[in-house]
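Here's the structure we're looking at; comments come further down.
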Amino acid sequence: MCLTALRAYAAHTYVCEELTDEPLAIDSITHALDEVLVVAQHSTREIAPVQELGGGKLRRLSVYSVADALRYFSGIQIKDYGGIGGLKTVNVRSMGSQHVGVFYDGVQLGNAQNGTIDLGRFSLDNMESISLYNGQKSSILQSAKDFASASAVYMRTRRPVFEGSEKDHWNIGMKAGSFDTYNPSLLWEHRLDSLVSSSVSAEYMTTSGRYPFTLRKKDGYDTTMVRQNGDVEALRVEAALFGRTARADWRTKVYLYDSERGFPGAAVRESPGQFSHQDRQWDTNAFAQGSLHYDVSDFYSVQMLAKYAYDYLHYLSDPRLDVSTMYIDNHFRQQESYASAAHLFTLTPWWSIAASTDIQYNTLAADLTDFVFPTRLTALASAASSLEWSRLRMQGSLLYTHVNDHTRLESANAGTLRRVTPTLLASWKPLEHADWNLRALYKKVFRMPTFNDLYYTFIGNANLKPEYTTQYNLGTTLTLHNEGSVLQRLTLQADAYYNTVKDKIIAMPTSNQFRWTMINLGYVEIRGLDLALQTEWALGATRHTGRLTYTFQKAQDMTDESSPWYGGQIPYIPWHSGSLVYSGDYRQWAWNISFIYTGERYESVANIAENHAQPWYTTDCSLSHTLPLSIGTLRTTLEINNLFNQQYEVVQCYPMPGINGRLKFGLTI
């Protein structure tokens with residue numbers, strides 16, 4: 001029960017309108033010009049630390065999903081449980097994956113059951129940009145939930161852009177690669193009229209997930225094995241409507257993801273190949289959401305969000321197929337309803353205030369023994385203010401959170417919780433004519449225990465307290481421009497931070513090893529440094545970009561002074577990590593080389609030799625060619641991942657693939 005239970009537990013854009021009437025001529029005839037919409041990317045001086053990948057940079061990376069792309073950000077740790085089909089979660093600055101808010105087209109993705117979002121199920125085919133904010137966005141016109149996370153990942157999907165008389169865009173893609181991977185995709189964009197457009201995106205992916213890996217046994221010799229039960233079959237379908245007027249910007253979206261996959265399980269060094277790991281999981285995730293941004297006047301703007309989501313999970317572990325496990329055949333059904341309204345008042349050119357209110361209702365049903373069928377009503381309210389002078393910007397906000405749980409068994413109810421948490425941000429530009437900014441951040445937030453933490457049968461603890469995080473950040477960004485030289489742009493970003501996590505929720509065994517329980521036991525202190533250097537340069541007809549990131553983190557477990565492991569590095573957090581990405585293009589050719597490094601770390605709170613994990617690194621490369629055709633363009637890309645066939649594990653006993661390749665074809669009409 002111990003292992004199997006833990007397995008189951010486990011730009012903005014601005015729009016201007018120009019209406020021009022010619023003056024009356026002598027013959028008194030009036031000529032009226034048609035309405036003109038001018039769209040420009042909003043540029044702002046960010047107060048909070050932010051990293052972004054978008055457009056061509058995303059397409060050039062040799063990555064399968066959003067989780068793979070996030071590895072190129074500093075301060076990030078991705079937990080990858082093996083290959084294409086493995087669970088992928090993100091941890092920012094060592095505060096835990098459940099402190100990371102994940103937003104999809106402006107609305108947060110939720111999982112009240114376990115609090116984690118599997119980023120492996122989000123494709124890059126329809127993605128316009130991915131941004132990572134430490135703290136929160138610089139805009140104060142945002143939902144209350146935007147204020148409620150220690151860090152946030154924002155995924156924005158592609159919005160149709162038409163030129164002239166264009167009415168339709170088609171993008172037909174096919175990817176085939178190692179491990180019997182086949183991945184066809186289709187994108188259709190249609191202009192309904194001058195202000196409204198639609199988009200339909202569909203993608204199917206199948207893979208056997210079978211790849212060879214080298215395993216070093218405890219007695220010292222290596223053996224080669226093939227990863228088993230890592231197959232995946234998944235379908236993703238999205239449809240969206242987009243509208244834009246001179247003062248309003250709205251979009252609606254429906255999303256469906258349906259998959260069946262195997263869980264390859266851990267590769268046990270003492271007995272390689274003994275456990276067949278035949279666990280299976282079926283997922284259906286669907287949601288419908290909408291957003292509206294409306295500038296009512298120069299003084300007042302409003303943003304409204306709404307969403308309904310349904311998630312189904314079926315987990316099967318059958319001892320008739322795998323004698324190492326016990327029988328589990330569980331079905332979970334989640335529902336979420338969410339609405340938000342945010343208001344911005346521009347009192348003066350230098351002073352704005354905002355207020356937002358959110359309401360969310362979650363339910364969870366399961367066929368577990370003695371399950372209490374919890375529901376949760378969450379209400380959030382925020383108040384924020386922004387002051388901006390010529391070279392100084394300041395923001396402050398207060399977030400009020402009210403959470404009320406209800407269960408069928410009243411004695412198991414966690415009750416009602418009310419909290420107020422603050423945030424302060426500041427940015428200063430020391431020199432008027434230099435693109436150089438200094439910034440500071442203080443933020444205190446908490447996360448509620450999940451339904452699994454509180455109510456999972458034989459494991460949950462209804463008396464759990466929330467986890468609290470406190471963040472301090474000092475940073476700077478310097479950008480140099482020189483369009484006429486070889487080095488056209490250079491941006492340096494540096495941030496030093498100190499974070500704490502209090503009342504960390506962990507799983508502990510009871511007197512019965514088959515029954516675990518959740519307790520508040522942890523206190524962690526994190527000290528870190530994030531560096532990022534980005535360059536753009538031109539040599540003749542070729543253009544080049546480079547991005548270098550480095551992270552140092554000292555994340556210490558300070559829970560128990562009497563423990564021999566007091567002050568040790570927490571599991572899976574390396575002291576040193578970084579990435580290097582180089583891209584170039586020449587006429588119809590484009591190429592990309594990327595390198596990721598993760599330094600030594602420990603796989604347990606006990607920082608001893610037996611738990612020491614060696615550093616690992618991977619090198620990926622790609623080459624693309626664009627061929628103009630009479631009906632459009634054909635883009636062909638060859639990718640080689642893990643070029644030097646490194647044998648490594650992101651999570652202990654979950655080996656990752658060695659060298660592998662992928663060939664992509666994309667026809668744009």
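Derivation of every value follows stated rules applied to the coordinates shown; laboratory data play no part. Not measured: the values here are computed from a predicted model. Counting neighbours? That spans all protein chains shown, and the Cβs are built from the backbone with ideal geometry, glycine included.
Summary of computed values
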| quantity | calculated |
| --- | --- |
| Largest-first ellipsoid semi-axes for the stretch 355-420, taking √(5λ) over the Cα gyration tensor eigenvalues, angstrom | 39, 11, 8 |
| All-pairs alpha carbon distance profile, the chain, 10 Å steps from 0, percent | 3, 14, 24, 28, 20, 8, 2, 1, 0, 0, 0 |
| Cα-based Kirkwood hydrodynamic radius, the stretch 319-453, one decimal, Å | 18.9 |
| Cut-off under 5 Å, modelled amide H: who pairs with Val651 long-range | Asp80 |
| FRET E, pair Leu195, Tyr310, Förster distance 41 Å, beta-carbon r, rounded to 0.05 | 0.85 |
| Expected-Rg normalisation [2.2 N^0.38 Å, Cα atoms] applied to the stretch 423-472 | 2.04 |
| Label zone at Ser390 (point 7 Å along Cα-to-Cβ), backbone N below 16 Å, the stretch 407-445 | 428-436 |
| Pairwise FRET efficiency - Ile631 versus Ser485, Cβ, R0 = 30 Å, nearest 0.05 | 0.15 |
| Relative packing of peptides 488-501, 371-384 - highest average C-beta neighbours within 10 Å first | 371-384, 488-501 |
| Cβ-Cβ FRET estimate between Ser563 and Ala176, R0 fixed at 56 Å, reported to 0.05 | 0.65 |
| Descending semi-axes in Å of the stretch 103-240, equivalent ellipsoid built from Cα gyration tensor | 36, 25, 12 |
| Expected-Rg normalisation [2.2 N^0.38 Å, Cα atoms] applied to the stretch 478-612 | 1.55 |
| Theoretical ellipticity at 222 nm over the chain - DSSP helices of four or more residues, -39500 (n - 2.57) apiece, nearest 500 | -1000 deg cm²/dmol |
| Signed unit charges on C-beta, dipole axis of the chain, positive-most listed residue Phe332, Gly666, His99 | His99 |
| Paramagnetic label zone (point 7 Å from Cα along Cα-to-C-beta, Trp436; backbone N under 17 Å) in the stretch 462-499 | 475-482, 490-495 |
| Reach of Lys137 by Cα under 26 Å, taken over lysines that are not fewer than 8 positions away in the same chain | Lys57, Lys79, Lys88, Lys145, Lys253, Lys307, Lys429, Lys443, Lys444, Lys502, Lys504, Lys554 |
